[in-house]
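The values are calculated or read from the model by the stated rules, or taken from the named source; none is laboratory data. All figures in this text were calculated on a predicted structure; none of them were measured in a lab. We place every Cβ from the backbone using ideal geometry, glycine too, and count neighbours over all the protein chains shown. Note: areas computed on protein heavy atoms with side chains; ligands, DNA, RNA excluded. Shrake-Rupley method; radii C 1.70, N 1.55, O 1.52, S 1.80 Å.
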Amino acid sequence: MNQKKILRNLLKIELGAFAHQLKLVESKPRLLKKSEIIEAIAVLRRVSRYTEEFHEQYSVIITALIWTYSPPKYRDGLRQILTPILSSLNFSPSNSIIDNDFKENGIYSPNISFIDKIKTISNDLSNSIQIRNETFILTGFQSRLWKRIDESKLIGISAPTSAGKSFLLYLKIIDLILNCGFTKFVYIVPTLSLIGQVTADLSNLFKNFGVKKIEVLNSFENLEKNFIFIVTQERALTVFSEKGIDDFDLLIVDEVQNIERVANEGPDRSKILYDVLKDVKNDLNVKKIILSGPRLKNIANLGFEIFGELSDEQSTEASPVANLTYSVSQEKSAYYINQYSSVLPKPLKLKIDNGKEIYGLGKTQYNDKFNNYLNSIVNNLQDNVNIIFSPTAPQARKSAKSFFEFSKRRKGKLNDDYLGKLTEYIKSSVHQFYELAQFLEKGIAYHTGKTPMHVRKCLEIAAKEGLVKNIFCTTTLMQGVNLPANNLVIRNPNLFTRRGKQNIQLTAYEFANLRGRTGRLLIDLIGRTIVLDESAFLIVEDLEEKSFFDEEYKEIKIGYGDLYIEHKDLIDDFLIQDERLEDAPSKHLLTYIRYTLFKYGSEGIERIRDVGIDVDRKLLKKTLKDLRQIELPIDLASKNRYWDPMDLAHLFNICKRQQVKIPSNVWERNLSNKLLSCLNIMKNEFTYYFKRYIDVENEKYLFSLSITAEKWAREESLFNILTKRFGSDYNEKIANDIENEIDKINSKICFGIPMLLKPISDIYHDDNSFISSLEYGAYSPATKYFIDRGVPRDTAIRMSKVLRYGDREIIQSKINWNLLEKKLNYWEIKQHSHLIP
């Protein structure tokens with residue numbers, strides 16, 4: 001047999017076995033024969049000699065399939081053969097999956113030949129690093145990256161999700177602290193969930209290595225001389241522009257691919273990230289900068305375009321995990337399961353015997369027949385940890401509920417005390433009828449932007465511990481949340497359930513990143529994606545049919561140039577007329593131009609042109625002259641860069657005439673009424689900003705929003721807020737009402753209201769504690785102390801009440817950890833375990 005036939009044979013065995021596991025075919029799976037193992041090893045030895053990344057991936061797939069489908073009696077002999085091969089491929093960390101001695105003690109099991117042992121040790125030494133007394137064996141990519149970070153000021157990283165780049169960056173932070181004297185770090189991540197994950201991971205490493213002089217923080221209300229801030233781009237903008245940081249040692253930007261949307265009408269968050277990095281270039285002194293993201297073609301060029309400096313690049317296409325994609329397709333009346341891999345140009349196909357439950361191909365709605373199809377597939381994967389992608393947050397909850405009802409046909413509950421404790425904890429900390437708590441009885445959960453932070457944290461911990469087996473997720477999954485799943489199940493690329501005006505879909509690049517979420521370094525050899533409707537992932541371009549299943553890469557385009565050209569006439573007209581623009585797709589560009597000129601004067605002209613906005617210089621000078629005539633303090637504009645200075649001047653005059661003020665602290669009398677009054681002023685006078693942050697004009701809704709905001713800022717627990725709002729009696733609407741109220745708190749109260757009302761606070765030069773209390777959901781120093789260190793809000797409140805520190809400044813050395821352990825439950829302790837000395 002030739003090399004290609006041997007590979008196809010291995011993949012066919014995997015295809016048959018997986019199709020049987022899904023109960024789509026009748027034929028029973030088989031293991032490899034001894035002769036097939038010998039032939040496959042011969043191919044593996046030959047292919048593994050090549051250093052190209054394609055051959056590395058080829059070798060990884062062969063290794064994973066040999067190990068997975070060999071009879072147990074051959075495992076010990078195989079380990080002796082595969083160990084040196086994985087080492088020669090510079091994937092030694094994967095040996096921990098096949099060698100328990102190596103996993104437990106860092107020493108290879110005996111019986112490897114003397115020559116192989118010498119080669120393996122030699123390869124491992126070249127990829128090893130030592131931090132204090134601990135040795136880490138890296139992959140080849142990690143080892144190269146480690147060295148280049150030492151040598152480069154600006155470096156771009158592009159690698160698959162499973163390549164282990166995040167862990168390498170954590171270790172490098174420790175190394176830079178211990179060996180280079182670095183003390184100031186900013187680590188930018190895209191989501192609050194990722195903030196919590198990175199904070200906990202780094203805090204635990206700091207404990208392991210005895211790093212005590214630098215704290216891992218999520219905010220910067222009290223700037224320390226030594227710090228590592230784990231923040232979103234919004235908070236990073238504040239730390240750079242308002243908090244007086246002029247220099248620091250290392251900036252890491254994770255998931256930097258999100259910056260691309262500045263070049264179109266994409267979300268504000270990408271623009272904020274772009275502005276943050278431009279501020280770093282223009283105004284700050286940073287020793288090292290790392291930009292990191294998956295599957296990026298031009299990561300080095302991105303660094304040059306943003307910072308104007310030559311950038312180093314470390315990239316890899318090879319993954320230590322064999323990622324395979326399976327899809328269900330229909331040809332006439334027959335169904336097929338197709339297997340896509342990175343090593344064969346065309347998929348392998350197997351006709352499905354049991355297609356009676358397959359339904360909904362080419363459609364979008366979730367009805368009973370499709371739910372039965374989805375549930376049967378997930379049910380057949382019950383021994384694995386599975387992520388089920390949902391197009392929207394409400395659909396994630398509905399699909400989880402459908403699978404829960406489906407799973408109740410199986411007798412009994414999961415026999416796990418910790419999962420039972422988690423169920424009771426969520427009922428007591430969210431609401432008695434919060435559906436997620438009920439679903440956990442069967443190891444089922446959903447994880448979306450509407451999930452409370454303390455619940456998200458517990459779900460992520462439970463998934464890592466293997467307690468939760470099936471997690472229904474939305475696009476939050478794409479932003480780096482580390483859920484160690486074996487399989488991803490997805491219906492189609494849609495981010496909607498009903499067709500409408502905006503039928504938003506995942507791109508091929510985003511889908512490639514989703515697939516990379518299955519299988520993790522040191523955990524799995526194979527990660528699988530199951531597509532329930534292949535036809536939804538086929539697109540036609542230039543009369544050619546293309547698939548979403550290729551290993552798609554992204555070339556990032558940044559800057560505002562194309563967008564300015566598209567809206568040039570409108571923007572130029574308003575600059576010429578010197579007028580306020582109420583609302584338009586291009587308003588943010590007009591705001592950017594006016595803000596930059598107002599703050600930086602003549603220097604602002606070059607900053608505007610640096611981001612690709614090629615406005616005529618004479619018009620910019622004329623605009624600058626006009627802006628100097630408006631009544632607006634420059635520090636007020638500096639603190640509110642996403643307000644057009646002309647709008648801000650109008651607000652400034654309104655506040656002076658009407659003495660508009662927001663509440664100054666959480667215990668102010670008539671707080672909710674004062675808050676409602678401010679919201680109505682913004683609704684009537686500044687529609688653009690009101691829609692941007694609140695976008696609901698109903699007076700009853702705004703009143704409810706103000707009442708809930710008062711309770712939230714005063715540290716009332718989420719459980720009390722929801723129970724008082726909806727009572728403790730069951731009704732058919734209560735599950736949906738609870739979800740919407742949590743979403744209202746997350747999106748409107750913690751973010752929308754503070755962003756909308758911050759300019760009023762800044763007008764009065766207030767370091768307004770009420771604004772801060774809304775963002776935190778807390779007012780006391782003790783509660784904020786814990787939140788700043790990665791403890792979710794409701795858990796931080798519980799800790800404060802147990803300790804009874806009140807308003808006294810809390811000092812870490814005085815925390816009574818023993819008391820907390822006695823008074824808090826298992827899952828509350830888990831959420832702050834990274835802080836326990």
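Using 0.36 nm times the number of residues separating Q629 and D101, minus their current alpha carbon distance, what extension gain do you get? Don't skip to the end; give the middle numbers.
Working: separation 528, 0.36 × 528 = 190.08 nm, distance 7.45 nm.
My answer for the length gained is 182.6 nm.
Would you please give the FRET efficiency between K351 and S35, computed as 1/(1 + (r/R0)^6) with r the Cβ-Cβ distance and R0 = 22 Å, to the nearest 0.05?
Details: r = 27 Å, r/R0 = 1.23.
Efficiency computed from Cβ-Cβ geometry: 0.20.
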Take the alpha-carbon positions of the chain, form their convex hull, and give its projected area averaged over all directions (one quarter of the hull surface) in nm². 36.8
For the stretch 604-617, Karplus-derived ³J(HN,Hα) couplings (6.51, -1.76, 1.60; θ = phi - 60°; whole Hz; x for glycine and proline) come out as x, 4, 5, 5, 5, 6, 5, 9, x, 8, 9, 6, 4, 4
Kindly flag which residue pairs out of K147/K184; K23/K469; K271/K639; K618/K656 have an alpha-carbon separation exceeding 23 Å in this structure. K618/K656
Between N367 and S638, what is the label-point separation in nm under the 7 Å Cα-to-beta-carbon projection? 6.2
Ordered by residue, what ³J(HN,Hα) values in Hz, to whole numbers, does the stretch 394-405 give under the Karplus form 6.51 cos²θ - 1.76 cosθ + 1.60, where θ = phi - 60° and Gly and Pro are x? x, 5, 4, 5, 5, 5, 4, 5, 4, 5, 4, 4
How high is the FRET efficiency between K207 and K73 when r is their beta carbon distance and R₀ equals 51 Å, given to the nearest 0.05? 0.75
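Among DSSP beta bridges lying fully in the chain, give the percent that are antiparallel, nearest 5. Don't skip to the answer; put the middle values down first.
Details: 20 of 70 bridges.
The antiparallel fraction comes to roughly 30 percent.
Loop only per DSSP, at most 11 neighbouring Cβ atoms within 10 Å: give me the GluC sites (Glu not before Pro) in the stretch 731-799, ordered by residue number.
Values: sites: E732, E739, E741, E775; in loops: E732.
Counting only loop positions with at most 11 other Cβ atoms within 10 Å, the GluC sites (Glu not before Pro) in the stretch 731-799 are E732.
Return the FRET efficiency for the residue pair K700, E465: r is the Cβ-Cβ distance, R0 is 41 Å, and the value is rounded to the nearest 0.05. Can you show the working numbers first?
Numbers: r = 43 Å, r/R0 = 1.06.
Efficiency at R0 = 41 Å is approximately 0.40.
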Under a 1.4 Å probe, what is the accessible area of the chain per residue, stated in Å²? 42
For the chain, the longest principal axis of the Cα atoms and the Cα long axis of helix 53-69 enclose an angle in degrees, to the nearest 10, of 60
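State the percentage of accessible surface on the chain attributable to carbon and sulfur atoms; use a 1.4 Å probe and exclude ligands, DNA and RNA.
In the chain, the share of accessible area belonging to carbon and sulfur is 47 percent.
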Label-to-label distance, nm, for residues given as N731 and E26 (7 Å Cα→Cβ offset): 5.4
Put F167, F690 in order of accessible area, largest first, 1.4 Å probe: what do you get? F167, F690
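By accessible area of protein heavy atoms, probe 1.4 Å, what ranking do I358, I81 get, highest first?
Numbers: I358 15, I81 45 Å².
Of I358, I81, the descending order of accessible area is I81, I358.
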Per DSSP H run of n ≥ 4, the term is -39500 (n - 2.57); total these for the chain, divide by its residue number, and report the mean residue ellipticity at 222 nm rounded to 500 deg cm²/dmol. -15000 deg cm²/dmol
Each label sits 7 Å from Cα toward the beta-carbon; between T135 and R409 the label points are separated, in nm, by 5.4
Can you tell me which lysines have their Cα less than 17 Å from the Cα of K28? Leave out same-chain residues fewer than eight positions away. K12, K349, K351
For A485, distant residues with modelled amide H under 5 Å away: G519
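Could you tally the net charge around C678, taking each other residue with its Cβ under 12 Å from the Cβ of C678, Lys/Arg +1 and Asp/Glu -1? Show your work: numbers first, answer last.
Details: positive: K661, K674, K683, K758; negative: E685.
So the environment of C678 carries a net charge of +3.
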